[in-house]
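So the structure is just underneath, and the comments pick up after that.
The values are calculated or read from the model by the stated rules, or taken from the named source; none is laboratory data. Quick caveat: nothing in here was measured; it's all calculated off a predicted structure. Heads up, the Cβs are rebuilt from the backbone with ideal geometry, glycines too, and the neighbour counts pull from every protein chain shown.
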């Protein structure tokens, strides 16, 4: 277990936790442009939707000063499993650490994010991450 958050989960482990625990929430911390043009995890089979809350604000990409307060207003129970997702697992790690610092005890980073690392042709979504793991997602 990391000292700054509950730890990293592979995308399939994260989906399984969401499937098994109805309280668990997926928090997608990417930007509106990423949600619109790249896609979103599709949790319809689990009868829920991801929470969309940007960790950094486009176009300057400064940390969203309202992030912790906004998420805490939506999820008051600090024992709720929170699974954070970004493009590749960097912003989501920072978000998990911030929510842990705010007292949330089960804040996880989804390793490799939604798109994962780039392949040899510098394209994402093929090597690892949510999309490459064959998990449900939708675009647009």
In segment 15-28, which residues are touching a strand residue (DSSP E or B) at 6+ places or on another chain (Cβ under 6 Å) and more than 14 Å from residue 80 (Cα to Cα)? 28
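Yes or no, residue by residue, for (1) closer than 21 Å to residue 12 by Cα; (2) in contact with a helix residue (DSSP H, G or I) (Cβ under 8 Å, 6 or more places away or on another chain); (3) touching a residue at least 24 places away in the same chain (Cβ under 8 Å):
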position	(1), (2), (3)
60	no, no, no
67	no, yes, yes
70	no, no, no
73	no, no, no
82	yes, yes, yes
110	yes, yes, yes
120	no, no, no
127	yes, no, no
135	yes, yes, yes
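With respect to residue 4, determine if the residue is surrounded by fewer than 23 Cβ atoms within 10 Å (Cβ to Cβ) and modelled with pLDDT under 95.
Considered against the rule, which asks whether it is surrounded by fewer than 23 Cβ atoms within 10 Å (Cβ to Cβ) and modelled with pLDDT under 95, residue 4 comes out as yes.
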Does residue 31 fit the bill of being touching a strand residue (DSSP E or B) at 6+ places or on another chain (Cβ under 8 Å) and under 26 Å from residue 132 (Cα atoms)? yes
